Amino acid sequence: MERGAMRYEGKAKKIYATSHPDLFIVEFKDQATAFDGKKRGIIHEKGICNARISALLFKHLAEQGVPTHFVEMLSSREMLVKGLDIIPVEVVARNVVAGSLAKRLGQPEGTPLPKPVLEFYYKSDALGDPMINEYHVDSMGWATGGEMQRIKELAWQVNQRLSVLMEHAGLVLVDFKLEFGRHRGEVLLGDEISPDTCRLWDAATGEKLDKDRFRRDLGGVEDAYREVLHRVERVLGTL
């Protein structure tokens with residue numbers, strides 16, 4: 001599949017057209033940003049790790065009945081995907097108190113939630129991705145009631161499937177962000193699933209193995225991403 005003109009460049013990925021109108025190439029970058037772009041840097045080989053992790057997890061989820069945009073890997077950092085009309089509602093699933101939730105609830109980071117929680121955010125870099133609810137989504141026409149119901153069903157399914165997988169990998173799936181889009185009338189899981197979009201802690205030590213190492217200047221960022229890739233590869237090779 002030949003790469004055509006670049007259609008979009010975001011903080012972590014570039015998207016290119018192909019000769020097929022429904023297929024696009026996503027190139028994963030090594031650039032890293034945090035705090036709405038206020039902090040920037042390079043995580044060497046981040047794009048390679050995130051592309052491989054995302055591909056493995058998308059394939060695993062598809063086998064479990066979760067429809068995704070993933071088609072195949074084209075290179076170490078290039079992924080062929082189905083084109084999506086992105087729904088501008090980011091979904092965050094939380095299993096453990098961390099990050100902004102710790103501040104909002106006044107709970108210590110690391111406190112397990114009695115039940116998982118779904119949160120919704122309006123996808124807008126300019127506005128800092130503000131938290132919203134389903135009334136906002138309905139009022140603004142960002143998604144239909146049926147689409148939101150499907151998004152919630154898929155998000156719960158992803159949380160359940162990935163929590164089990166990460167447990168096998170010796171990791172705690174603390175929280176993660178999902179994005180969805182429309183493809184030929186069907187809601188599909190898109191974007192990526194990686195240490196950029198998930199909080200993953202070592203189950204034995206609590207060590208952070210995700211983008212928080214970059215956000216909080218903890219060091220060892222590249223090693224953390226490689227460790228997550230190694231564990232996911234190991235587990236999916238045995239499941």
Next item on the list: Name the one entry in L178, L189 that is closer than 22 Å to L113 by Cα and either within 16 Å of the chain's Cα centre (by Cα) or modelled with pLDDT of 95 or more (or both).
Entry: L178
Note to self: Residues that are surrounded by fewer than 22 Cβ atoms within 10 Å (Cβ to Cβ) and small (G, A, S): list the strands (runs of 3 or more DSSP E) wholly contained in region 167-217 that include at least 1 such residues.
What the structure shows: 180-183
Next item on the list: Of the conditions (1) without any contact (Cβ under 8 Å) to a residue 40 or more places away in the chain; (2) hydrophobic (A, V, I, L, M, F, W, C); (3) not in a strand (DSSP E or B), I151 clears all except one; give me its number.
Entry: (1)
Checklist line | Residue, farthest from Q160 (Cα to Cα), within region 19-65, restricted to residues that are over 16 Å from the mean Cα position of the chain (by Cα) and of a type in the set (G, A, S) | finding: S19
Margin query: Take K82 and tell me if it is at pLDDT 95 or above and either within 25 Å of F24 (Cα to Cα) or in contact with a Cys (Cβ under 7 Å, 6 or more places away or on another chain) (or both).
Written below: yes
Check: Among the residues of region 87-106, which ones are more than 22 Å from K46 (Cβ to Cβ) and in contact (Cβ under 8 Å) with a residue 12 or more places away in the chain?
Finding: I87, P88, V89, V91, A93, R94, N95, V96, V97, L101
Check: Do we have V158 as over 28 Å from R40 (Cα atoms) and buried (at least 20 other Cβ atoms within 10 Å of the Cβ) here?
Finding: yes
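The values are calculated or read from the model by the stated rules, or taken from the named source; none is laboratory data. Every value quoted in this text rests on a predicted model; they were computed, and no experiment measured them. All Cβ positions, even for glycine, are placed from backbone atoms using ideal geometry, and neighbour counts span all protein chains on display.
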